[in-house]
Amino acid sequence: MQISPDGNLLDDLRSVLGDRVRDGDFELGLYGKDGSVLEGRPSLVCLPVNTDEVRQIVKICREHDRPFLARGSGTGLAGGAVPVGDPVIIATAKMNQILEVDLENRIAWVEPGVLNLDLTKELTPQGFHFAPDPSSQQVCSIGGNVANNSGGPHCLAYGVTSAHVAAIEVVLPDGSVTLLGDLAAEPPGYDLRGLFVGSEGTMGVATKVAVRLTPNPPAVRTLLLDFPDVRDGAATVSAIIAAGLIPAALEMMDKRAIEIVEAFVNAGYPTEADAVLLVELDGLPGGVEHGVEVVRSVAERHQVGNIRVAADNEERELLWKGRKNAFGAVARIKPDYYLHDTVVPRGKLVEVLEKVYKIADAYDLIAVNVFHAGDGNLHPILAYDSDEKGVLERVHAAGRAIVTASIEAGGVLSGEHGIGLEKRDYMGMLFSAHDMATQDLVREAFDPEGFANPLKVLPSGSRCSDSFGQHVPDGAWV
Amino acid sequence: MGVNPLGAAPQEVHQFSEEVGASDPVTVVGGKTQWNVGGAPDHSAREVTAPTGIWSHEPEEMTVRCGAGTTLLELSEQLARHSQMVPFDMAPNATVGGVLSVGRSGIRRLRYGHIRDLVLQIRHIDCNGKIVTSGGPTVKNVSGYDLCRLMVGSLGKLGCLAEVTLRCLPMPETTRWLTGNDDPFEIYARLYRPSSVLWNGEQVWVCLEGVSSDVEAEAALLDLTETEGPPQLPGDGRSSVQPKELRSLSADDTNWIAEIGVGIIHSDKPSKPQQVSKTNESLMRELERRLDPNGRLNPGRQVVPL
Ligand SMILES: Cc1cc2nc3c(=O)[nH]c(=O)nc-3n(C[C@H](O)[C@H](O)[C@H](O)COP(=O)(O)OP(=O)(O)OC[C@H]3O[C@@H](n4cnc5c(N)ncnc54)[C@H](O)[C@@H]3O)c2cc1C
């Protein structure tokens with residue numbers, strides 16, 4: 001099935017990158033996957049070290065009529081980095097330098113391959129951090145965060161990646177290099193920066209990013225609330241926000257999540273509870289203490305069991321460790337999982353959660369819920385064993401039912417993981433054909449021939465120029 | 001086939017799409033509070049006005065959906081009933097659609113961020129008179145390309161804003177303005193996320209917001225005196241620099257007020273148009289060409305400086 005890359009393409013790329021062009025079977029296999037359940041196969045993998053090399057790779061690809069695909073750490077959950085249409089992969093792993101920390105402007109210039117947590121670690125001693133904190137922050141790249149407009153627990157109060165990116169240097173699909181956005185407050189013209197953020201690699205390759213730095217809060221409080229009934233937990237979420245309080249983070253775990261996480265990290269999570277809320281308040285001390293009181297009184301009106309307030313940083317980190325390791329912990333019950341990422345109005349959390357359990361039952365799967373409750377961002381995990389015959393069909397059917405239920409409740413397809421390959425054929429559930437055609441016109445302004453990460457985000461029918469094939473290749477649904 | 005494609009567009013939006021139509025040049029009129037930004041529209045353009053009214057406000061969701069022609073006054077009065085706000089900080093007779101089309105943030109951007117980050121969903125009427133929906137009604141969403149951010153600051157040249165869904169914020173318990181003559185950069189460095197720090201080369205104004213005890217504690221760090229509110233901004237002149245470049249400003253014969261930490265300078269001198277790079281200009285022209293091939297939407301105005 002694999003078309004072997006034509007010799008000239010390989011030679012041309014080697015003349016620029018030497019042995020940083022990889023064509024070995026093992027590596028091509030590795031770069032065929034990301035954090036989703038999808039799989040494809042690239043034609044070649046390039047590991048550039050600077051913008052000029054990226055520019056040359058794009059130029060060579062164009063000369064050989066080859067699409068290309070930017071890849072960060074491959075932790076994306078929607079198949080955005082899964083190669084379809086035989087692209088050359090431009091992996092940013094070797095572009096991992098923090099170039100400049102400009103405290104006066106509260107900006108850091110970084111290369112796209114810098115890992116999210118590495119940046120925050122570098123900034124901590126100076127009293128700052130990079131606010132978007134995906135649960136994958138130890139391994140995901142800033143370039144990937146930009147491309148997916150990633151979120152994370154603390155985006156409830158601080159906003160998602162787009163609000164924290166001032167400027168992006170981009171190699172455009174025609175091989176030219178440009179700066180989108182600026183450090184100045186109001187760059188002239190249309191907001192191309194805002195458009196690029198979240199475009200999932202379909203508008204070019206980010207080669208440098210100017211991210212905004214957020215000052216570390218002077219005070220932080222972390223609370224763990226347990227509820228005998230998940231419905232009261234969810235009602236507490238709505239009531240906290242309705243009381244005019246926006247916590248820094250407001251995360252929820254259901255009974256099954258608590259059990260597996262507790263067995264995994266021993267954080268003292270109450271395994272008898274039906275649900276827990278992990279609430280973090282930060283800012284100036286008065287506001288934080290006021291927040292703690294609001295959370296307490298709201299929770300007490302909703303039949304809360306215990307309220308545990310982390311006494312020190314160590315306890316706080318332990319509570320977070322439980323949350324951040326939840327996905328890994330799922331492996332204790334089943335070897336594989338499929339994670340969804342819809343958003344519903346907070347007031348519909350209970351209703352949709354109940355549907356999720358029913359759907360999982362109907363398809364004979366195990367559902368575990370660990371999610372960003374504060375912004376209604378559900379993350380139902382369907383745990384399964386891929387050795388079971390026919391299980392993937394059930395997983396996909398259940399996934400589709402969950403997406404449908406979320407949209408029926410007034411929600412959206414994705415809160416933070418993106419559309420990629422996985423959800424592109426669901427776009428029509430949310431948008432009209434005309435909405436999607438308009439989105440495609442915008443994409444085309446950057447990439448009329450569809451060279452950059454082809455076949456992603458928009459379903460094939462809505463595109464004017466699918467020059468690299470029409471459908472997800474058969475082999476892609478592994 | 002859609003199960004519930006972002007809820008159906010209300011009747012008012014359909015009426016507006018008919019009003020915009022598909023053929024002749026049109027210009028959208030809001031409150032005319034920032035009418036001259038980007039230059040005057042062609043005289044030939046027919047004036048249209050976006051629908052008004054708050055169509056839903058769900059205090060527990062902290063979202064509000066309204067016609068783009070709704071004034072900031074009407075919006076803020078509705079939100080205030082539930083102690084909420086959308087920190088646009090512009091003239092009360094400005095319209096939501098107008099403020100977003102111009103894309104300039106108010107003087108509390110330092111704390112609340114750029115106004116484009118408050119937009120969740122936009123329905124606009126395109127050059128064919130058709131309704132286009134982008135974004136989503138929930139507080140978090142990455143479904144599809146981010147047309148909402150593109151529309152903010154587009155002066156209606158890519159589409160006429162018809163309906164907007166915004167994220168609301170809780171109103172702070174206390175708001176205090178202080179003034180004095182200390183160094184604004186030191187003040188900014190000392191405070192934790194102040195709402196605004198303004199400076200005219202001699203005098204500084206600081207806005208502190210939050211619970212009273214925090215506001216008092218922060219105020220105690222500074223040697224400033226209480227004042228009613230922000231100073232009057234001088235004229236319509238507005239330029240933008242990197243925040244650190246504000247240091248090189250000095251009191252001179254022009255009248256200016258700078259937003260410390262942000263990089264906006266308000267002044268009584270008309271602002272010089274900023275240049276965009278050749279590459280960005282061609283991307284921007286491509287967007288205009290694709291989304292409005294005949295240039296019928298707000299002709300005469302320039303988002304991309306000529
Ligand atoms: C355990 C786990 C937890 C997670 N938790 C969260 C969470 O809390 N919040 C959240 O938002 N996400 C989460 N994610 C998803 C994922 O980590 C994020 O989407 C992340 O930003 C992807 O970064 P990456 O470097 O791995 O990108 P990749 O997976 O390599 O790529 C993702 C997309 O970005 C594009 N891309 C990458 N680099 C560039 C570049 N330089 N220029 C242009 N395009 C580029 C790719 O083409 C692809 O479309 C989680 C994932 C896992 C596995």
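Accessible area per residue for chain B is 41 Å², calculated with a 1.4 Å probe on protein heavy atoms, without ligands, DNA or RNA.
3J(HN,Hα) couplings calculated from phi for region B:213-222 with the Karplus curve 6.51 cos²θ - 1.76 cosθ + 1.60 (θ = phi - 60°) are, in sequence order, 5, 5, 4, 5, 5, 5, 4, 5, 6, 10 Hz; Gly and Pro show x. Apolar share of the accessible surface for region A:98-215: 51 percent from carbon plus sulfur atoms, 1.4 Å probe. For GluC sites (Glu not before Pro), the sites in region A:230-288 that DSSP calls loop and that have at most 16 other Cβ atoms within 10 Å are A:Glu272. Would you work out if region A:9-91 is rounded, prolate or oblate? Take a ≥ b ≥ c from the square roots of the eigenvalues of the alpha-carbon gyration tensor; rounded if a/c is under 1.5, else prolate when a/b is larger than b/c, oblate otherwise. Verdict is prolate for region A:9-91.
Taking a ≥ b ≥ c as the square roots of the eigenvalues of the alpha-carbon gyration tensor, region B:154-226 is classed oblate because a/c is 1.5 or more while a/b is no larger than b/c. Note that region B:198-209 has calculated 3J(HN,Hα) couplings of 10, 8, 10, x, 10, 10, 10, 10, 10, 10, 10, 9 Hz, one per residue in order, obtained from phi through the Karplus relation 6.51 cos²θ - 1.76 cosθ + 1.60 (θ = phi - 60°); glycine and proline are x. Close amide H pairs (under 5 Å, H built 1.01 Å from N) link B:Asp182 with B:Val204, residues at least 5 positions away or on another chain.
All other residues whose Cβ lies under 11 angstrom from that of A:Gly244 are scored, Lys and Arg at +1 and Asp and Glu at -1, for a net of -2.
Note: relative contact order over chain B, using C-alpha pairs below 8 Å and six or more positions apart, is 19 percent.
Relative to the compact-globule scaling 2.2 N^0.38 Å, provide the ratio for the alpha-carbon radius of gyration of region B:167-306. This ratio for region B:167-306 stands at 1.35.
For region A:190-213, a drop of 40 Å² or more in accessible area on going from the chain alone to the assembled protein chains (1.4 Å probe) is found at A:Tyr190, A:Asp191, A:Leu192, A:Leu195. Placing a pseudo-label 7 Å from each Cα along the Cα-to-Cβ vector at A:Ala397 and A:Ala243 gives an inter-label distance of 4.4 nm. Panel note: contact residues of region A:270-298 (accessible area lowered by at least 40 Å² against the chain on its own; 1.4 Å probe) correspond to A:Leu284. Close amide H pairs (under 5 Å, H built 1.01 Å from N) link B:Gln121 with B:Gly136, B:Thr165, residues at least 5 positions away or on another chain.
Per residue, the accessible area of region A:9-91 comes to 34 Å² when a 1.4 Å probe rolls over the protein heavy atoms. What does the C-alpha gyration tensor say about the overall shape of the protein assembly as shown? Classify as rounded when a/c is under 1.5, otherwise prolate if a/b is larger than b/c, or oblate. Cα axes put the protein assembly as shown in the rounded bin.
A 1.4 Å probe, protein heavy atoms only, puts the accessible area of A:Tyr426 near 30 Å². Cross-link reach is defined here as a Cα-Cα straight distance under 15 Å, omitting same-chain residues fewer than 8 places apart; for B:Lys272 the aspartates and glutamates meeting it are A:Glu186, B:Asp236. So for region B:100-207, averaging the separation of alpha carbon pairs under 8 Å that are six or more residues apart and normalising by length, what relative contact order in percent results? RCO, region B:100-207: 29 percent. Placing a label point 7 Å from the Cα of B:Ala91 along the Cα-to-Cβ direction, the residues of region B:208-242 whose backbone N falls under 17 Å of that point are B:232-238. Figure note: B:Lys130, B:Lys278, A:Lys423 ranked by solvent-accessible area, largest first, 1.4 Å probe, ligands and nucleic acids not counted: B:Lys278, B:Lys130, A:Lys423. Every helix of 4 or more DSSP H residues in the protein assembly as shown counts as -39500 (n - 2.57), and over all residues that averages to -8000 deg cm²/dmol at 222 nm. Amide H contacts for A:Asn216 (H built 1.01 Å from N in the peptide plane; partners 5 or more residues away or on another chain; cut-off under 5 Å): A:Phe128, A:His129. Positive-end ranking of A:Gly79, B:Pro293, A:Asn145 along the dipole of the protein assembly as shown, with charges on Cβ about the Cα centre, is headed by B:Pro293. Chains B and A together bury some 6600 Å² of accessible area, summed over both sides, with a 1.4 Å probe.
Our summary gives region B:174-267 a relative contact order of 33 percent, counting only alpha carbon pairs under 8 angstrom and 6 or more residues apart. Applying both filters, DSSP loop and at most 15 other Cβ atoms within 10 Å, to the trypsin sites (Lys or Arg not before Pro) of region A:332-409 gives A:Lys389.
Of A:Lys208, A:Lys121, the order by accessible heavy-atom surface (1.4 Å probe, DNA, RNA and ligands excluded), from most exposed downward, is A:Lys121, A:Lys208. Buried on complex formation within region B:275-300 (loss of at least 30 square angstrom of accessible surface versus the isolated chain, 1.4 Å probe, ligands and nucleic acids ignored): B:Thr279, B:Asn280, B:Leu283, B:Met284, B:Leu287, B:Arg290, B:Leu291. Once the Cβ-Cβ distance of B:Ala251 and B:Arg289 is raised to the sixth power relative to R0 = 45 Å, the FRET efficiency obtained is 0.50.
A Förster radius of 60 Å combined with the Cβ-Cβ distance from A:Ser15 to A:Lys389 puts the calculated FRET efficiency at roughly 0.80. Once the Cβ-Cβ distance of B:Gln15 and A:Ala433 is raised to the sixth power relative to R0 = 35 Å, the FRET efficiency obtained is 0.95.
The values are calculated or read from the model by the stated rules, or taken from the named source; none is laboratory data. No experiment lies behind these values; they were computed from the predicted model shown. For neighbour counting, all protein chains shown are included, and Cβ atoms are generated from backbone atoms with ideal geometry for every residue, glycine included. Side chains are part of the model used for accessible areas, which takes the heavy atoms of the whole protein and leaves out ligands, DNA and RNA. Shrake-Rupley method; radii C 1.70, N 1.55, O 1.52, S 1.80 Å.
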